[in-house]
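*Asks:* So that we are looking at the same thing, I have put the structure below in structure tokens.
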């Protein structure tokens, strides 16, 4: 019989009192699945919000008690962290996953996806990310989440937000490839249909996308010197 899904309050109580107790693993596994369903399932309602601390605790329990480890659950943990891009959650959690597990599917594909996002190779990322939907060794929960509109929408928002922080305007082709959108008309529909994205985009000017003016994209002195250059993004996209 499957374990009952713990409430958010129960999860917080477990994290406060029983982080090292191996008997909590089953409850945390149930909560991982609940996060997937709540955030990316057919009837997503946000009732089980993403919880990095809970997922990290479970990964640590797997590390301390290898006989408890479930690679399917590990892949769900990594997917949830990947979808939090551009946070560093995936990197932090992958450090707790044995190399032999990361080398097997679907974790290997998830690791490639994370690396591609970090290197801003967005067009290749989308191709690789779609492989998760048809991966033979992936759990059904992972396939469903990767195929969900919520997951795609979240990643698109994150990528566009990155571009809008760095630049006041970007070539239309760069934005289309980065978001995996086929043409300017489709991008227009995306902008009009998503309030979060609409708040980032001011207008289309010929073959450019003009972003809403923000301190980060107008006051160049404030831009992080380590920020990725638009030339680098364009080079990556051209090479894909």
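The values are calculated or read from the model by the stated rules, or taken from the named source; none is laboratory data. Here the structure is a predicted model, which means the values were calculated and not measured. Cβ: placed from backbone, ideal geometry, glycine included. Neighbour counts: every protein chain shown.
*Asks:* Taking segment 50-65 on its own, how many of its residues are out of contact with any helix residue (DSSP H, G or I) (no Cβ under 7 Å at 6 or more places or on another chain) and either closer than 20 Å to residue 16 by Cβ or touching a residue at least 60 places away in the same chain (Cβ under 8 Å) (or both)? Spell out the reasoning first.
*Replies:* First, pick out the residues of segment 50-65 that are out of contact with any helix residue (DSSP H, G or I) (no Cβ under 7 Å at 6 or more places or on another chain): 60, 63-64.
Adding the requirement that they be either closer than 20 Å to residue 16 by Cβ or touching a residue at least 60 places away in the same chain (Cβ under 8 Å) (or both) leaves 60, 64.
Selection size over segment 50-65: 2.
*Asks:* Mind listing just one residue for me: the one in segment 180-208 that is out of contact with any helix residue (DSSP H, G or I) (no Cβ under 7 Å at 6 or more places or on another chain) and under 20 Å from residue 84 (Cα atoms) and, of those, surrounded by the fewest Cβ atoms within 10 Å (Cβ to Cβ)?
*Replies:* 195
*Asks:* With respect to residue 177, is the statement that it is over 30 Å from residue 29 (Cα atoms) and surrounded by fewer than 19 Cβ atoms within 10 Å (Cβ to Cβ) true?
*Replies:* Numbers: over 30 Å from residue 29 (Cα atoms): yes; surrounded by fewer than 19 Cβ atoms within 10 Å (Cβ to Cβ): no.
No: the conditions fail for residue 177.
*Asks:* Restricting to segment 72-111, count the residues that are within 20 Å of residue 36 (Cβ to Cβ) and either assigned to a helix (DSSP H, G or I) or in contact (Cβ under 8 Å) with a residue 60 or more places away in the chain (or both).
*Replies:* Qualifying residue count, segment 72-111: 25.
*Asks:* On to the next question. Would you mind stating whether residue 119 is farther than 23 Å from residue 34 by Cα and either within 15 Å of the chain's Cα centre (by Cα) or not assigned by TED's automatic domain parsing to the domain that holds residue 175 (or both)?
*Replies:* yes
*Asks:* Then there is this: Among the residues of segment 19-49, count how many are touching a helix residue (DSSP H, G or I) at 6+ places or on another chain (Cβ under 7 Å) and part of a helix (DSSP H, G or I).
*Replies:* Looking only at that region, the number is 13.
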